[in-house]
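The values are calculated or read from the model by the stated rules, or taken from the named source; none is laboratory data. For clarity, every value in this text was computed on a predicted model and none was experimentally measured. Cβ placement follows ideal geometry from the backbone for every residue including glycine, while neighbour counts extend to all protein chains displayed. Keep in mind that these areas ignore ligands, DNA and RNA; they rest on the heavy atoms of the full protein, side chains included. Shrake-Rupley method; radii C 1.70, N 1.55, O 1.52, S 1.80 Å.
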Amino acid sequence: MGDKSMSLEDFAGTVESGMTIGIGGWGSRRKPMALVRQLLRAGVRDLTVVTFGGPDVGLLCAAGRVRKLVYGFVSLDSIALDPHFRSVREQGGVETAEYDEGMFVTGLRAAASRLSFLPTRAGLGSDVLTMNPDLVTIASPYADEEYVAMKALRLDVALVHVNRADRAGNAQYLGPDPYFDDLFAMAADRCYVSTERIVAPEDLLAAGPAQSLLISRLFVNGVIETPRGAHFTSCDPDYGRDEAFQAHYASAARDADAWRLFRKTFLDGDEQAYHQAVAEFHVNREGQEEGR
Amino acid sequence: MTEITRAEVCAAACADAWRGAGEVLAHTAGVLPSIGARLARLTTSPDLVLTDGEAYFMSDPPPLGRTAAEGGVVEGWVPYRRVFDIVAGGRRQSMMGASQIDRYGNQNISLIGDWRRPTRQLIGVRGAPGNTANHRTDYWVARHTPKVFVEKVDVVCGVGNDRARGTKGLRFHDLGVVITNLAVLDYGDDGRLRVRSLHPGVTADEVHANTGFALDASGAPETRLPDATELRLIREVVDPRGLRDREVSRGTRS
């Protein structure tokens, strides 16, 4: 089996401006945030981002890297809306394709099966069809019925984050929900997996059953070991969402000066500097709470 | 027994939405719908299937607002991908919120203004189009105002009766009730909202004044009060922390 492990820097070189990138996870859960941060450092732009969006969308939009957003929703879970997303929408700053969540999954399934569309009832009669004028309905060849022909959401690159992986790209999730990460992987020409820990293949089953092996190396092109690489989103059971930091992110995102400071403090350095700054954020916060 | 609050009247009305639903998944968004589904499960609809809002079916639900990790008895695994399969299969009944709703039950939670450049971005269409295309959908409105009950919604997320009747393929479309802090609404044969009952202490004029389109509430009977068993379950079992009072003010007495 080939060794597909790579550095964050080498990963960034594989993504080009103008590409369509799918980002796994769900809202503010198990997002490949270290990969997203690396894309920010690398300076790729004009991206089409396809995602059940969380702060991945907010960070990329705030940095002006997104040309088009294709999403089922964008939410931080414990905070209903990402303020960067809200602001870019209200300024008309990005092209969008908003789908019903089930339609979005149908689009991924179509792409993963190399079909140009799949039929679904979801969306019929709703303004999802108005907001996406390229979507059409299709008559059933078997019954007097009509369905939405949901277009395949084919991706150039998929990015996902998992709890464990081996060097060949077999990826394991240990939390309660796989989300749609394997579908993202199969819907893409190339897939990059970041992981809390790279382990030997014979050690994969030490942490969870065979059913937790979510993505096969068949669909993986690169594996990047990034401890706490989903931060500040959750990566259960390794860690929960960093709610204090997420609240800090959201409040900074609502104010231009505060956002400049946030960017300088947390995003202008490398990944190690990010985690160092987050650790300092928590030390200062605890200090403030003790001093109260 | 202490005075019955408006929130408790709403909880019982929400529970009634699942009466006779059978063995289906109860999907809820908001505190009162969650209380209603649990109350229904403990009273009239013992076969109802509940989730923890995360990835599990719960035969004994964890405390309100908590996940399986914080208590309860897991009876199944239901990650998001399986939810969409269940929606498509129809074994589900949903009670969602509405930022806007019109006289035919078209519902909007996506945004206010033009979708290309909204004046206010809201939560997005989420699963509303799929819900209304596939199974019964009810709505819960915590604050009944003319801003919510509008002539025309800005984005049709949940599909209303007028559109459903004009759209081939929506054969599973099924709007049930709209429960608000003032009244229980349902739909007449013409597909339009009508007042089924007014909560105790609410006048027809109050509903009329708080609705942005003509809605005749005169002659509507009073919404039923929860009985002693239901009150005990609401207060001691389902919502002992009183989360219901945050969504519907305690000041509003029945």
Item to complete: Determine, yes or no, whether B:Ala11 is in contact (Cβ under 8 Å) with a residue 60 or more places away in the chain and either touching a strand residue (DSSP E or B) at 6+ places or on another chain (Cβ under 8 Å) or within 24 Å of B:Pro200 (Cα to Cα) (or both).
Response: yes
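Does segment A:213-233 hold any residues that are open to solvent by 10 Å² or more (accessible area, probe 1.4 Å) and of a type in the set (S, T, N, Q), and which are they?
The first filter runs over segment A:213-233 and keeps only residues open to solvent by 10 Å² or more (accessible area, probe 1.4 Å), leaving A:213-214, A:216-219, A:221, A:225, A:227-228.
Scanning segment A:213-233 gives A:Ser216, A:Asn221.
Could you tell me which of the residues A:Asp166, A:Asp236 is among the charged types (D, E, K, R) and open to solvent by less than 10 Å² (accessible area, probe 1.4 Å)?
Being among the charged types (D, E, K, R) and open to solvent by less than 10 Å² (accessible area, probe 1.4 Å) holds for just one of A:Asp166, A:Asp236, which is A:Asp166.
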Worksheet, complete the sentence: For segment A:75-84 the number of residues that are touching a strand residue (DSSP E or B) at 6+ places or on another chain (Cβ under 7 Å) and at the interface with chain B (Cβ under 7 Å from one of its Cβ atoms) is 1
Item to complete: All but one of (1) at pLDDT 95 or above; (2) open to solvent by less than 70 Å² (accessible area, probe 1.4 Å); (3) in contact with a Phe, Trp or Tyr (Cβ under 7 Å, 6 or more places away or on another chain); (4) not in a helix (DSSP H, G or I) hold for B:Pro200, so report the exception by its number.
Response: (3)
Discussion item. Among the residues that make up segment B:25-34, is at least one of them in a loop (DSSP other than H, G, I, E, B), open to solvent by less than 50 Å² (accessible area, probe 1.4 Å) and farther than 20 Å from B:Val178 by Cβ?
Written reply: no
Worksheet item: Can you tell me which residues in segment A:259-290 are more than 17 Å from A:Leu40 (Cα to Cα) and touching a His at 6+ places or on another chain (Cβ under 9 Å)?
Response: A:Val278, A:Phe281, A:Arg285
Worksheet item: Conditions: (1) touching a helix residue (DSSP H, G or I) at 6+ places or on another chain (Cβ under 8 Å); (2) open to solvent by 50 Å² or more (accessible area, probe 1.4 Å). A:Glu286 meets all but one. Number of the miss?
Response: (1)
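The rows are residues; the columns are (1) more than 8 Å from every other protein chain (Cβ to nearest Cβ); (2) touching a residue at least 24 places away in the same chain (Cβ under 8 Å).
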position	(1), (2)
A:Leu115	yes, yes
A:Arg121	no, yes
A:Ser126	no, yes
A:Leu129	yes, no
A:Val136	yes, no
A:Ala139	yes, no
A:Glu145	no, no
A:Val148	yes, yes
A:Lys151	yes, yes
Discussion item. Could you tell me how many of the residues in segment B:51-96 are within 12 Å of another protein chain (Cβ to nearest Cβ), of a type in the set (Lys, Arg) and open to solvent by 60 Å² or more (accessible area, probe 1.4 Å)?
Written reply: 1
Worksheet item: What is the residue count in segment B:109-164 for residues that are facing chain A (nearest Cβ under 9 Å), open to solvent by 20 Å² or more (accessible area, probe 1.4 Å), touching a Leu at 6+ places or on another chain (Cβ under 8 Å) and within 26 Å of B:Arg244 (Cα to Cα)?
Response: 2
Item to complete: Among the residues of segment A:207-219, write down those that are touching a strand residue (DSSP E or B) at 6+ places or on another chain (Cβ under 9 Å) and either within 18 Å of A:Asp182 (Cα to Cα) or in a helix (DSSP H, G or I) (or both).
Response: A:Gly208, A:Ser212, A:Leu213, A:Leu214, A:Ile215, A:Ser216, A:Arg217, A:Phe219
Item to complete: Sort out which residues of segment A:239-292 are in a loop (DSSP other than H, G, I, E, B) and over 22 Å from the mean Cα position of the chain (by Cα), and write them in order of number.
Response: A:Asp255, A:Gly291, A:Arg292
Worksheet item: Any idea which residue in segment B:15-52 is farthest from B:Arg246 (Cα to Cα), counting only those that are β-branched (Val, Ile, Thr) and within 14 Å of the chain's Cα centre (by Cα)?
Response: B:Thr28
Worksheet entry | Selection status of B:Thr223, more than 14 Å from chain A (Cβ to nearest Cβ) and under 29 Å from A:Asp100 (Cβ atoms) | no
Response to the item:
The helices (runs of 4 or more DSSP H) lying wholly within segment A:44-128 that contain at least 3 residues that are surrounded by 24 or more Cβ atoms within 10 Å (Cβ to Cβ), in contact with a helix residue (DSSP H, G or I) (Cβ under 7 Å, 6 or more places away or on another chain) and not hydroxyl-bearing (Ser, Thr, Tyr) are A:55-62, A:101-112
